[in-house]
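Data first, discussion second: the structure below is written as C-alpha cells.
Just so it is clear, none of the values below were taken in a lab; they were calculated from the coordinates. All of these numbers come straight from a predicted model, not from anything done at the bench. Every residue, glycine among them, receives a Cβ derived from its backbone with ideal geometry; neighbour counts consider all protein chains shown.
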Amino acid sequence: MPKVHFVSALQDLTVEVAPGTTVLEAAEQCGAQVGHSCGGVCACSTCHVWVRKGLASLSAQEDDEMDRLDQAFDVKPMSRLACQSKIDGEDLEVVITEESLTAYLDENPDTRRKLIAEEKWPVRK
Ligand code: FES
C-alpha cells in the first residue's frame with residue numbers, strides 16, 4: 001500500500017492508505033492538518049497542497065480543480081487540491097501549504113488556541 005508523508009510547519013506524519021484514497025482522506029486518517037472548508041467537493045481551495053514526490057501518479061486534474069486552484073495562493077506546478085487527488089500505487093510526499101494549514105486552524109479553533117498557548121502558532125494582530 002502506498003505511503004503518504006505529510007509535512008508542514010507543525011507536523012511530519014506518514015500514513016499508509018489503500019489505492020483510490022484521496023490525499024484529503026489520507027490526511028484525515030492520520031490527523032494531518034489539511035483545511036477543507038467545502039467538505040471536499042471542489043468548491044474552495046483550502047485543501048491546496050504541494051506534492052513534492054509522486055505527483056505524476058495522482059489522478060488527472062479535471063477542469064474544475066484547475067479553476068479552483070486559480071483562486072489559491074502561491075500555486076506551483078506541484079500544486080493539487082487534496083480532495084480531488086486520488087492516490088495510485090506510489091508513495092507521496094505532500095507539503096501542507098500555509099493557506100491550507102491556516103484554513104484548518106480556522107476550522108479547528110480549539111487546536112489553534114492550544115498551539116498559540118504552546119507558542120507554536122503566531123497570534124494574529
Ligand atoms: S476541500 Fe474544498 S476544494 Fe478541496
Tally, over segment 26-37, of residues that are surrounded by fewer than 19 Cβ atoms within 10 Å (Cβ to Cβ) and either farther than 22 Å from Arg112 by Cβ or among the hydrophobic types (A, V, I, L, M, F, W, C) (or both): 1
Name the pairs whose Cβ atoms lie under 7 Å apart, with the first residue in segment 31-47 and under 15 Å from Thr111 (Cβ atoms) and among the hydrophobic types (A, V, I, L, M, F, W, C), the second more than 6 Å from the ligand (Cβ to nearest atom) and assigned to a loop (DSSP other than H, G, I, E, B), and 6 or more positions between them or separate chains? Ala32/Gln11
Any residue in segment 79-91 that is β-branched (Val, Ile, Thr), closer than 18 Å to Ala18 by Cα and away from the ligand (no atom under 14 Å from the Cβ)? yes
Exclusive hit being in a helix (DSSP H, G or I) and touching a helix residue (DSSP H, G or I) at 6+ places or on another chain (Cβ under 8 Å), set Glu99, Glu65, Glu90: Glu65
Of (1) under 23 Å from Thr111 (Cβ atoms); (2) among the hydrophobic types (A, V, I, L, M, F, W, C); (3) surrounded by fewer than 15 Cβ atoms within 10 Å (Cβ to Cβ), Leu81 fails just (3)
Restricting attention to segment 38-78, and to residues there that are near the ligand (Cβ under 8 Å from one of its atoms) and under 19 Å from Val17 (Cα atoms), which single residue is surrounded by the most Cβ atoms within 10 Å (Cβ to Cβ)? Cys47
May I ask you to say which residue of Ser37, Ser45 is outside any strand (DSSP E or B), in contact with a Lys or Arg (Cβ under 7 Å, 6 or more places away or on another chain) and farther than 16 Å from Lys86 by Cα? Ser45
Output yes when any residue across segment 62-81 is aliphatic (A, V, I, L, M) and within 30 Å of Glu119 (Cβ to Cβ), and no when none is. yes
Is it fair to say Glu25 is over 15 Å from Leu105 (Cα atoms) and within 13 Å of the chain's Cα centre (by Cα)? yes
